[in-house]
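Here the structure is laid out as structure tokens; the discussion comes afterwards.
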Amino acid sequence: MNSKPVILSGMQPTGQLHLGNYEGALKNWVSLQDKYQMFLCVVDWHALTSDFNDTAPMQDRIFQTAVDYLAAGLDPAKCAIFVQSDVKEHAELHLLLSMIVPTPWLERVPSYKEKVESLGLDSYGFLGYPLLMAADILLYKANAVPVGKDQLPHIELTREVLRRFNALYGPLFPEPEGLMAEFPVIPGIDGRKMSKSYGNDIRLADSEEDTIKKIKKMLTDPQKIRRGDPGRPEICPVFALHKVYNPGLDEIQAGCTSGALGCVDCKMKLAGYLNESLRPLRERRKELVNNKKYVINILEGGAERARQKAGSTMSQVREAMHLKRPDV
Ligand code: ADP
Ligand code: TRP
């Protein structure tokens with residue numbers, strides 16, 4: 001028996017991961033893998049809530065996401081890394097939880113309200129997005145869920161749902177807590193939250209040249225037009241990234257504030273630090289992409305381990321809900 005506390009987390013296979021995914025979640029997973037029993041999934045069913053009309057790229061996206069997990073330093077000997085749809089228990093628990101969750105609980109989740117308006121998503125499955133996430137978490141009786149800040153309302157919903165389950169059928173699930181990374185929100189090149197859907201991201205898979213090109217395009221303080229103009233680092237997304245990647249922040253802060261440091265030089269310094277810091281990960285990434293079989297084997301082994309834990313939880317759930325035929 002493994003007595004370590006359990007972590008479950010996941011990301012949608014939207015393709016290659018970006019710095020926000022890495023700094024906001026993935027890097028934290030890597031740092032937690034010695035202290036926790038880890039289950040990390042690529043949540044392909046969640047991706048269908050938005051990409052149901054374009055499923056052809058799915059398998060490649062799953063592969064790229066798994067490659068990013070491994071390149072970031074997740075160790076398959078310590079973590080079960082798997083694909084959600086390989087473990088059918090996620091669907092079964094989602095269905096059972098859907099019987100006990102009142103729809104208004106789902107309608108008031110902030111991400112639901114936002115995306116119904118901005119993306120016009122209105123399917124039954126999309127309404128159930130956070131409930132599928134609750135099923136992911138509860139299936140492993142997770143104690144902690146390391147994610148970016150935007151995911152906290154989903155963890156809160158998970159707690160509400162499990163309290164209802166425990167009250168109806170007896171105590172089965174522990175309450176999970178959200179674990180925040182050091183940098184909860186990473187800005188993208190346009191200053192908004194870095195996101196795949198805004199097209200403002202810098203990817204782990206980007207080449208050093210592409211990284212430089214993207215950083216050159218970054219927005220800065222609009223009042224600082226040329227070198228000599230004093231800038232306001234606290235509102236500048238380039239400075240926000242310096243905070244993450246540059247060990248010598250004071251020099252940038254002083255140079256920007258006084259005006260001595262121009263934005264172009266400031267960006268080139270950032271690109272240098274960023275590329276240097278990502279170099280080992282990018283090297284590992286290239287090797288993994290060329291070693292498809294190795295990556296797929298890890299996903300299959302991970303699913304096997306996940307199924308053991310998920311199977312045992314489901315057997316308890318069926319019993320608690322009187323869905324198990326008694327022995328005759
Ligand atoms: P995207 O917005 O690109 O679609 P996801 O919503 O799939 O990203 O996020 C996957 C994980 O990465 C989540 O845990 C999320 O909180 C984290 N994350 C995404 N973007 C950022 C960001 N800009 N800063 C910090 N964390 C982020
Ligand atoms: N909703 C998460 C995101 O967009 C992905 C996710 C699905 C997840 N199931 C999860 C995260 C379970 C943590 C735990 O990033």
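To keep it simple, each residue is scored yes or no on (1) in contact with a helix residue (DSSP H, G or I) (Cβ under 8 Å, 6 or more places away or on another chain); (2) in the same structural domain as ARG282 (by TED's automatic domain parsing); (3) exposed (fewer than 15 other Cβ atoms within 10 Å of the Cβ); (4) of a type in the set (A, V, I, L, M).
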| position | (1), (2), (3), (4) |
| --- | --- |
| SER118 | no, no, yes, no |
| GLY128 | yes, no, no, no |
| LEU132 | yes, no, no, yes |
| LEU139 | yes, no, no, yes |
| PRO146 | yes, no, no, no |
| PRO153 | yes, no, no, no |
| PRO171 | no, no, yes, no |
| ALA181 | yes, no, no, yes |
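Screening SER85 with (1) closer than 22 Å to GLY301 by Cα; (2) within 14 Å of the chain's Cα centre (by Cα); (3) polar (S, T, N, Q) gives one miss only, at (2).
Which of the residues that make up the stretch 281-290 are touching a helix residue (DSSP H, G or I) at 6+ places or on another chain (Cβ under 9 Å) and free of Cβ contacts under 8 Å to residues at least 12 places away in the same chain? Selection gives GLU283, LYS286, GLU287.
Exactly one residue out of ALA71, ALA47, ALA25, ALA56 is away from ligand 1 (no atom under 11 Å from the Cβ), open to solvent by less than 20 Å² (accessible area, probe 1.4 Å) and not aromatic (Phe, Trp, Tyr), and it is ALA71.
Against the condition within 16 Å of ligand 1 (Cβ to nearest atom), at pLDDT 95 or above and among the aliphatic types (A, V, I, L, M), how does ALA134 come out, does it pass? Walk me through how you get there before you give the answer.
Working: within 16 Å of ligand 1 (Cβ to nearest atom): yes; at pLDDT 95 or above: yes; among the aliphatic types (A, V, I, L, M): yes.
Here the answer is yes, as ALA134 does meet what is asked.
Inspect the stretch 260-272 for any residue being outside any helix (DSSP H, G or I), of a type outside the set (A, V, I, L, M) and over 26 Å from GLY73 (Cβ atoms) and give the result as yes or no. The answer is yes; a qualifying residue exists.
Listed conditions (1) at pLDDT 95 or above; (2) on the phi > 0 side of the Ramachandran plot are all met by LEU97, apart from (2).
Scanning the stretch 209-229 for residues that are closer than 18 Å to ARG282 by Cα and either more than 25 Å from the chain's Cα centre (by Cα) or assigned to a loop (DSSP other than H, G, I, E, B) (or both) turns up GLU209, LYS213.
The values are calculated or read from the model by the stated rules, or taken from the named source; none is laboratory data. Just so it is clear, the structure is predicted and the values come from calculations on it, not from any experiment. Cβ sites come from the backbone with ideal geometry, for glycine too, and all protein chains shown count toward neighbours. Calculation scope for accessible area: heavy atoms of the full protein, side chains included, ligands and nucleic acids excluded. Shrake-Rupley method; radii C 1.70, N 1.55, O 1.52, S 1.80 Å.
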